[in-house]
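The values are calculated or read from the model by the stated rules, or taken from the named source; none is laboratory data. Quick caveat: nothing in here was measured; it's all calculated off a predicted structure. All Cβ positions, glycine included, derive from the backbone under ideal geometry; neighbour counts span all protein chains shown. Accessible surface areas use protein heavy atoms only, side chains included; no ligands, DNA or RNA. Shrake-Rupley method; radii C 1.70, N 1.55, O 1.52, S 1.80 Å.
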Amino acid sequence: MSKNFYITTPIYYVNDVPHIGHAYTTVAADVIARYNALRGDNAYFLTGTDEHGQKIMRSAEAKGMTAQELADKTVVNFQELWKALGIRNDDFIRTTEKRHEKVVQTIFSRLLEQGDIYKGTYEGLYCVPCETYVPEAQVGEGQTCPDCGRKLEKMTEESYFFRLSKYAEPLLEYYEKNPQAILPRGRYNEIVSFLRGGLMDQSISRTTIRWGVPVPGDDRHVIYVWFDALINYLSALDYPEEGGKWQTFWSVVHHLVGKDIIRFHAVIWPAMLLALGLNPPERVFAHGWWTVEGEKMSKSRGNVVDPFEMVDLYGADAFRYFLLREVPFGADGDFSERALVQRVNSDLANDLGNLLNRTLQMIDRFCGGKIPSLDEVEPLDKEIRNVLEEIVNSLDGHMDLFAFDEALKDLWSLVRRGNKYIDETMPWKLGKEENLPRLNTVMHNLCQVLRTAAILVSPFMPETARKMEEQLGLSGIFEAGKTAFSWDTSIEGASIDKKDVLFPRRDLKEWEEEKAREA
Ligand code: MSP
């Protein structure tokens, strides 16, 4: 039975241009959505932008624009990037859209009415750039923010509070029963021990800020940007409308987030959901952060990786592949363009590209350009079939845990086995010796390996997979569902269509010289 599956990225602030960190989460979510669709699930994939709050307001003022103008201008960068990266999101939500603001107010009113939100006074040390009050215990030396190091401001204001304290116990219970609800394990432990310390009610409105959703019936107050932002995951599904998408998709809910925003997603958000009588997310996965050539990425260092540039230089698929293959999802990683070029050369050009190219060349030369039927079978053939069956299973297990690097390692063991099979069977000799029954089997098997590799690689590198299908002369291979991986799938007789190589090799020395000239 097909399963409904909801996958989201954080919604990105529009005061910045998209960088590698944004691309990372969105590519990962896209791969998950595509993989789930491939295995027959009904996947719904949401991304979008976070457009309210002080940070956006200040950025806009500095640029001499209104906040809405800034949002309208910069949102396009994100939308264009997702196109360039081959992202297939089902919806894109902006928090300034009416459909969202309306739901934020509905939820606020409902929680107020049931006593989960109340009015009080808040006094504390506030960090303006981070838009957050800093708890006493975390205030840095000289009253500075523990996150950004900037000076905190003392503030007293009337505020609405969300009764978060009430949810520490129910959340602990939920996480104890669902140890995979927060991944990786280290983050799970961190959140559980945080919950054990108890929770304080959260101030969720501001009288000092104008750029946001007004509190219904009390518009001196604007709803705090995080409370507003988290609700995007529901507003995009038309919550709480009868018959809205939320009734289909608010079941298996997976949120991908960076490690810095895990508490919002694994503490505040699930508490809000419990208050609304909805199930908490089945999984919040916190990925690590990218450094660049060993250094923290920042505008002031001028080392921000521009995903548009990477796509221009190396293609969307190579960049997508690199992001998910290079670093285990959940760990921090280091980006360097050199490492990207090396990966393209070794994994994409040498392993995958070569397997396709060698196979197609031999079909052209020895088989009249058509995929032959299975004929004379040897024990070696059984072994490659087994490898295929094993990796289809183990890859699935890794994908369940979002272990993309492991899934790709599995897939590459099949690709490498394919290349080794060519070396072992030496089809060029069989062609010359006119040992056609054996030659046919070998070429058939190689095409089965390539067909399977194309299907499994398709969530990661959709354009490459499509090219592989086309060059193999096949069609509809990605829609085959459960039977897709069967060796008995009929492919014989397909006319191959050999085109340019998938990934040209870059000479590393030349590449270095080029870079040195540009620098
Ligand atoms: N608007 C909030 C999220 C609200 S979700 C309801 C936000 N936006 S953000 O644009 O600042 O950050 C979005 C994501 O980018 C976060 O998940 C963050 O972890 C991620 N990254 C920012 N820099 C990063 C790296 N250097 N590496 C990897 N991811 C990084 O937070």
task = Kindly rank 505-514, 197-206, 57-66 from highest to lowest mean number of other beta carbons found within 10 Å of each residue.
result = 197-206, 57-66, 505-514
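For region 313-374, with only Lys/Arg (+1) and Asp/Glu (-1) charged at the beta-carbon, what is the dipole magnitude about the Cα centre, in debye rounded to 20? Could you put the intermediate results ahead of the total?
Values: 7 positive and 8 negative charges, 78 e Å.
About 380 debye.
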query = In terms of the ratio Rg/(2.2 N^0.38 Å) built on C-alpha atoms, what value belongs to region 345-438?
reply = 1.23
query = Which pairs in the list Lys98/Lys245; Lys299/Lys515; Lys409/Lys509; Lys382/Lys420; Lys73/Lys299; Lys55/Lys98 are over 23 Å apart, alpha-carbon to alpha-carbon?
reply = Lys409/Lys509
query = So for region 1-60, Kirkwood radius off the Cα pairs, Stokes-Einstein at 25 °C and 0.890 mPa s: how many µm² s⁻¹?
reply = 190
remark   = Row for region 204-276, column shape: gyration tensor on C-alpha, a ≥ b ≥ c, rounded if a/c < 1.5 i.e. under 1.5, prolate if a/b over b/c, else oblate; value oblate
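Could you work out the helix-only [θ] at 222 nm for the chain, with each DSSP H run of four or more residues adding -39,500 (n - 2.57) and the total divided by the number of residues, to the nearest 500 deg cm²/dmol?
Details: 20 runs with 237 residues, N = 519.
The helix contribution divided over the chain gives -14000 deg cm²/dmol.
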query = Considering the alpha-carbon set of region 374-518 alone, what are its Rg and its Dmax in angstrom?
reply = 17.2, 56
ask   = Over the Cα atoms of region 298-393, what is the Rg over Rh ratio if Rh follows Kirkwood?
value = 1.14
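Any idea what diffusion coefficient region 465-516 gets from Stokes-Einstein, in µm²/s, Kirkwood Rh on alpha carbon pairs, 20 °C, 1.002 mPa s? Walk me through the numbers before you get to the answer.
On the way: Rh = 13.9 Å.
Rounded to a whole number, D works out at 155 µm²/s.
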note = Rounded to a whole %, the carbon-and-sulfur portion of the accessible area of the chain at a 1.4 Å probe is 49
request  = Would you please state the base-10 log of I(q)/I(0) at q = 0.17 1/Å for region 23-136, with intensities from the Debye formula using one equal scatterer on every alpha carbon?
outcome  = -1.07
task = For the chain, list log₁₀ I(q)/I(0) at each q in 0.10, 0.11, 0.12 Å⁻¹, using the Debye formula over Cα point scatterers of equal strength and ignoring solvent, two decimals each.
result = -0.85, -0.99, -1.12
query = P(r) for region 73-171: what percent of alpha-carbon pairs falls in each 5 Å bin, starting at zero?
reply = 2, 10, 12, 11, 14, 16, 15, 12, 6, 1
inquiry  = Just to confirm, what accessible area per residue do you get for region 168-308 at 1.4 Å probe, in whole Å²?
reply    = 41
